[in-house]
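Enquirer: Structure incoming, see below.
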Amino acid sequence: MRTLLLKKDYKEAATHLVGQFPDRSHASLTIDSDAKIIAPDGKISAVLLSNAIPPELHKLAFELWKPLDGLVSNRATAVGTLSLPRSLNKDGTPSKRSGVNVHVLEVVEARQGILGFIDRPHRKKTTLTKRCPEMLDANRRLIEIANALYAHNLPHLYAQQRAQLEKAGPSWRLWGTAFSTVYIAKNFRTAYHTDRGNLRGVMTALMPTGHFTGAELVLPRWRIAIAFKPGDLLLFDPQQLHGNLAFEGERISAAFYCARYIADCSK
Amino acid sequence: MKKKNNLSIHPIKLAVRSCPPDRAQKGRRRAAALKLEQAKAEQLSALEAKAFLWIARGRSANIELGRVFLQIKDIVGHGRWEHYYGERFGSCGIAKRTAQTYMDLARKEDASKTAESALFPPAMDTQAVKTRDVTAKAEAEVGDVPRPNPNPVRLKVIFELPLLMSVDDQTAAKELLSSPNWASAQQEIITFLKQLYIKFGIVDEEAK
């Protein structure tokens, strides 16, 4: 695997891009094969492992996750919109709930779902997992492979994540892995955002599946695009601003991660 | 005879039994070797990560040094720079040509910074434009309506820190607490705690 040492940091310009959609011109380098990407500050930004997931596993995942129907109403920044009152009440007053406005939701095709365990407002198994346990259970092998690839390629970060999750106890882990949760995004082309609910200082494993072209992950701070395709696994720090380029086709992406406060039930 | 037989059978039984401990021992050895390998891999991976951090620091130090040299060169003047450099910094182990490279790096870095925002034009694909339009309409619809503050003020409360201190330290702390300097001391403690949050990875540096 090649190691790519990035030299230029576009931090100032990138901070103004939150909630904006990525454009192909935002990246001067596209990475599409095995690489360990080191940011100019010396931190590991991402590790791309191409063709690391057996086809039968990510194809099965695609079929199992296709029925997902959760609206993306709580992800205003990633949708590329403002957090506004969701709608107007009959008397013309705004609804108290804010997030993605209904008019915006009407034009957004994206759907989402969370499998496994969440830490907020309190630790629990997600509703989707209870409702459709097969979405998680039938993907056990896939999750274990993603876990093994993480452990093999970034053992020191993996050890940190696993230690944190071990504190939470075995009931909050996805089998013996270092993941507590799987976030699934269906046909979700995201604007620049960061993921706040993930454990800090470690990696999230991203895996796209489906039949699509495009959807490269752009990290504007480093002006790079990561062209990952079904079967690839991307280990990446989701605290970095990131978003996707437009795509055509059917795409589902899964993020395997450790929920930020899963080990701390007092928070 | 019976006894003898019994005795003669016994070692065979022992021999049969001695197999599993052998296998178990091998298994244990293999597990220990695996654990050692894993520990080595973790250590190597952590050290590599540390090396990359220092490489990055070295590069940013070189650029910063280049910036300082550029400022000095501005003051001493282009004609006197080479002589000045040799006299002041010649013995520091950084060749004049290397200093020049650092200055070029700094120049390039600063020049590209000014043009950075032009590198990120707004996306003009269908979805981006459509989302922006609908957002503008939705905002206009709820625009006059007072919206909840996205950054509500968080109330400050007294937070008790459980510190294990000697009696002398506790007495001194109490004295500080009742002194007029407590306000600034409190601020310093909070600042120090913030540094610890970063050090121990509770918050990242950008979020401070």
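Every number in this text was worked out from the coordinates using simple rules, so none of it is lab data. Since this is a predicted model, take the numbers as computed values, not measurements. Cβ coordinates were reconstructed from backbone atoms using ideal geometry, including for glycine residues, and neighbour counts include every protein chain displayed.
Enquirer: Could you calculate the FRET efficiency of B:K108 with B:A46 from 1/(1 + (r/R0)^6), where r is the beta carbon distance between them and R0 is 45 Å, rounded to 0.05?
Expert: For B:K108 and B:A46, the calculated efficiency is 0.85.
Enquirer: Measuring from centroid to centroid over Cα atoms, what is the spacing of the range A:151-214 and the range B:110-136 in Å?
Expert: 29 Å
Enquirer: A:I226's amide H: which non-local residues (gap 5+, or another chain) put their own amide H closer than 5 Å, with H modeled 1.01 Å from N in plane and none for Pro or chain starts?
Expert: The list, which skips near neighbours in sequence, is A:I31, A:L217, A:V218, A:L219.
Enquirer: With viscosity set to 1.306 mPa s at 10 °C, what whole-number translational diffusion coefficient in µm²/s follows for chain A from Stokes-Einstein and a Kirkwood radius over Cα pairs?
Expert: 84 µm²/s
Enquirer: Would you work out the charge dipole size for the range B:163-208 about its Cα centre, treating the Cβ of every Lys and Arg as +1 and the Cβ of every Asp and Glu as -1, and quote it to the nearest 20 debye?
Expert: Dipole size: approximately 80 debye.
Enquirer: Over chain A, calculate the relative contact order: mean separation of alpha carbon pairs under 8 Å at least 6 apart, over the residue count, as a percent.
Expert: 27 percent
Enquirer: Related question: Divide by every residue of chain A the summed helix terms, -39500 (n - 2.57) for each DSSP H run of at least 4, and state the resulting mean residue ellipticity at 222 nm, rounded to the nearest 500 deg cm²/dmol.
Expert: That comes out to -6500 deg cm²/dmol.
Enquirer: Starting from the Kirkwood radius over alpha-carbon pairs of the range A:174-213, derive D by Stokes-Einstein at 20 °C in a medium of 1.002 mPa s and give it in µm² s⁻¹.
Expert: For the chosen part, D equals 169 µm²/s.
Enquirer: Label B:A32 and A:N51 with points 7 Å out from Cα along Cα→Cβ: what is the distance between them in nm?
Expert: 4.1 nm
Enquirer: Based on the alpha-carbon gyration tensor of the range A:78-131 and its eigenvalue square roots a ≥ b ≥ c, which shape applies: rounded if a/c is under 1.5, prolate if not and a/b is larger than b/c, or oblate?
Expert: Verdict is prolate for the range A:78-131.
Enquirer: Sort A:S25, A:S180 by Cβ crowding within 10 Å, fewest neighbours at the top.
Expert: Least crowded to most crowded, the residues run A:S25, A:S180.
Enquirer: Give me the Å³ per residue figure for the convex hull around the C-alpha atoms of the protein assembly as shown.
Expert: Hull volume normalised by residue count: 304 Å³.
Enquirer: Considering only Cα-Cα distances, which of the following residue pairs are longer than 18 Å: A:K11/B:K108; B:K50/B:K199; A:K7/A:K43; A:K7/B:K108; A:K43/B:K50; A:K11/B:K130?
Expert: Exceeds cut-off: A:K11/B:K130.
Enquirer: Got a sec? Which residues in the range B:32-73 would a label at B:R88 touch, if it sits 7 Å along Cα→Cβ and we count backbone N under 13 Å?
Expert: B:66-73
Enquirer: On to the next question. Based on Cβ point charges of +1 for Lys and Arg and -1 for Asp and Glu, what charge dipole magnitude is obtained for the protein assembly as shown about its Cα centre, in debye rounded to the nearest 20?
Expert: Using Cβ point charges on Lys, Arg, Asp and Glu, the protein assembly as shown gives about 2300 debye.
Enquirer: Would you kindly derive the ³J(HN,Hα) couplings of the range A:233-250 from the backbone phi angles with the Karplus curve 6.51 cos²θ - 1.76 cosθ + 1.60 (θ = phi - 60°), listing them in order in whole Hz, with x for Gly and Pro?
Expert: Whole-Hz 3J(HN,Hα) from phi for the range A:233-250: 10, 10, 8, 8, 8, x, 7, 7, 4, 8, x, 10, 6, 4, 9, 10, x, 9.
Enquirer: Please give the FRET efficiency for B:F192 paired with B:S117, using the beta carbon to beta carbon distance and R0 = 35 Å, rounded to the nearest 0.05.
Expert: Plugging the Cβ-Cβ distance into 1/(1 + (r/R0)^6) gives 0.45.
Enquirer: Determine Rg/Rh for the range B:163-208; Rg is computed over alpha-carbon atoms and Rh is the Kirkwood hydrodynamic estimate from the same atoms.
Expert: Expressed as Rg/Rh, it is 1.12.
Enquirer: Next question, about the same structure. What residues qualify as long-range amide H neighbours of A:L17, i.e. H under 5 Å apart, gap of 5 or more or another chain, H built at 1.01 Å from N?
Expert: So A:L17 has HN proximity to no qualifying residue.
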